[in-house]
Amino acid sequence: MANNTYNPPKVWTWEKENGGEWASLNRPDSGARFEKTLPVGKHPFQLYSLATPNGVKVTVMFEELLAAGFQDAEYDAHLIKIQDAEQFSSGFVSVNPNSKIPALVDKSGNKNINIFESGAILLHLAEKFNAFIPSSAEDRAACLSWLFWQVGSGPYLGGGFGHFYAYAPEKFEYPIDRFTMETKRQLDVLDKHLANNEYMIGKDYTIADMAIWPWYGALVLGHLYDAAEFLDVSSYKNLVAWAEKIEQRPAVKRGKMVNKTWGDESEQLPERHSHEDFNNN
C-alpha cells in the first residue's frame with residue numbers, strides 16, 4: 001500500500017499554487033498587487049464587497065437598518081470581484097490591509113472611518129444607530145458572545161469543511177471527516193440553543209442572527225456547498241425553522257441580492273446605489 005503521509009520540511013517555502021478553485025489568489029504575503037483607486041458614491045457609507053456569506057451579513061444589516069427607518073444608513077455597495085483579485089488593489093488594501101471582503105468606509109462624520117471584518121462592521125453599525133443590539137447588559141453580552149462565536153467558528157465551516165468538501169483539488173477522508181464532524185457539532189450547538197429561543201437572543205432579532213444566518217442558515221437551507229443532504233441537515237429542525245423564518249424577511253431578501261453576480265438573474269444586484277435599484281432589477 002502506498003504511503004501518502006506528508007513529511008513537512010524543516011522550513012516551509014511557497015513554490016507553486018496548490019491547485020483547486022481560488023488557488024491563484026493565495027500567496028504567503030500581503031499588500032497591494034496593483035494600483036487602482038476605489039470608486040466612491042454619494043451616500044454616507046461606502047461598502048466594497050461580494051455576496052459571499054461574509055458580504056451578505058453587512059448588506060442585510062444595511063437593508064434592515066433602512067427598513068427600520070434609519071435613513072442615514074443609506075449606502076453604496078461597490079462590487080469587488082475577488083475571482084479577479086480586485087481585493088488586492090491599492091485602494092482596497094488602504095481600507096482593509098487583510099485584502100478580504102467586505103470593507104466599509106464610514107463617511108458620515110468629520111473624518112472617514114475604515115472598518116474591515118464583517119463582525120466588526122456589524123458591531124460598528126449597531127452601535128452607531130443603536131439598533132439590533134440589546135440594551136441590557138445581560139442580553140448585550142449574549143449577543144456579542146454569539147457574534148464572536150460565529151467569527152471564531154465560521155472558518156471551520158468555510159475554510160475547513162467547505163474547502164475540503166467542495167473546492168479541494170483532491171478529496172481526502174481525514175480532512176473531510178474532521179471538518180464534517182466539527183460542522184455538525186456547530187449545527188447541533190445552534191439547534192439546541194434555538195429549541196428554546198425564537199432568535200439567537202431570545203425574542204430579539206439582532207446582529208447575532210445577521211452574522212450566523214448567511215453561513216449556517218444558508219447551509220441548512222441548501223444554498224451552500226450543496227452539502228445539505230451530506231450533513232443530514234433535516235435533523236436540525238429548530239435551526240432549519242429559524243433559517244426559514246429569517247429568509248422570509250424582506251430586508252434579508254434584498255441584502256442577499258446585493259453584490260451578487262451568479263445564479264438566477266432576478267436575484268442579482270451587482271451594485272447598489274439606491275433603493276430604486278431593486279425595482280429596476
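Remark: the range 45-132 projects, on average over all directions, an area of 5.4 nm² (convex hull of Cα atoms). Note on the range 137-247: Kirkwood radius taken over Cα pairs, Stokes-Einstein applied at 10 °C and 1.306 mPa s, translational D equal to 112 µm² s⁻¹. Please go through the residue pairs Lys203/Lys245; Lys100/Lys171; Lys111/Lys256; Lys42/Lys128; Lys107/Lys128 and name each one whose alpha carbons sit more than 24 Å apart in this structure. Violating the 24 Å limit, Cα to Cα: Lys100/Lys171; Lys111/Lys256. Can you give the charge dipole size of the range 1-69 about its Cα centre, rounded to the nearest 20 debye, using +1 on the beta carbon of Lys and Arg and -1 on the beta carbon of Asp and Glu? That gives a dipole near 160 debye. Counting neighbouring Cβ atoms within 10 Å and putting the fewest first, the residues Ile113, Ile82, Ile207 line up as Ile113, Ile82, Ile207. When both the range 176-210 and the range 230-281 are represented by their alpha-carbon centers, they are found 19 Å apart.
Take every DSSP beta bridge whose two residues both sit in the range 45-132, then give the antiparallel share in percent to the nearest 5. So the antiparallel bridges in the range 45-132 amount to around 60 percent.
Shown here: the chain, whose C-alpha atoms stretch 66, 51, 39 Å along the first, second and third principal axes, sorted largest to smallest.
3J(HN,Hα) couplings calculated from phi for the range 184-189 with the Karplus curve 6.51 cos²θ - 1.76 cosθ + 1.60 (θ = phi - 60°) are, in sequence order, 5, 4, 5, 4, 5, 4 Hz; Gly and Pro show x.
In the elastic network of the chain, a GNM with C-alpha springs shorter than 10 Å, the most mobile of Phe92, Phe34, Phe161 is Phe34.
Each of Phe88, Phe278 has some number of other Cβ atoms within 10 Å of its Cβ, and from fewest to most they run Phe278, Phe88. Counted by Cβ distance under 10 Å from Trp14, the other residues give a net charge of -1, where Lys and Arg count +1 and Asp and Glu count -1. Each of the peptides 215-223, 238-246, 135-143, 184-192 was scored by the mean count of other Cβ atoms within 10 Å over its residues; in descending order, highest first, they stand as 215-223, 238-246, 184-192, 135-143. Taking the average, over residues, of other Cβ atoms within 10 Å as the packing measure, peptides 250-260, 145-155, 98-108, 64-74 rank 250-260, 98-108, 145-155, 64-74 from highest down.
In terms of other Cβ atoms within 10 Å, Thr261, Thr59, Thr180 run from fewest to most in the order Thr261, Thr180, Thr59. From the Kirkwood radius over Cα pairs of the range 15-94, Stokes-Einstein at 10 °C and 1.306 mPa s returns a whole-number translational diffusion coefficient of 110 µm²/s.
When only the Cβ of Lys, Arg, Asp and Glu is charged (+1, +1, -1, -1), the dipole of the chain relative to its Cα centre reaches about 520 debye.
Read-outs throughout are calculated quantities, based only on the coordinates presented, and are distinct from any laboratory measurement. Please read these numbers as outputs of a predicted model, since none were measured by experiment. Counting neighbours? That spans all protein chains shown, and the Cβs are built from the backbone with ideal geometry, glycine included.
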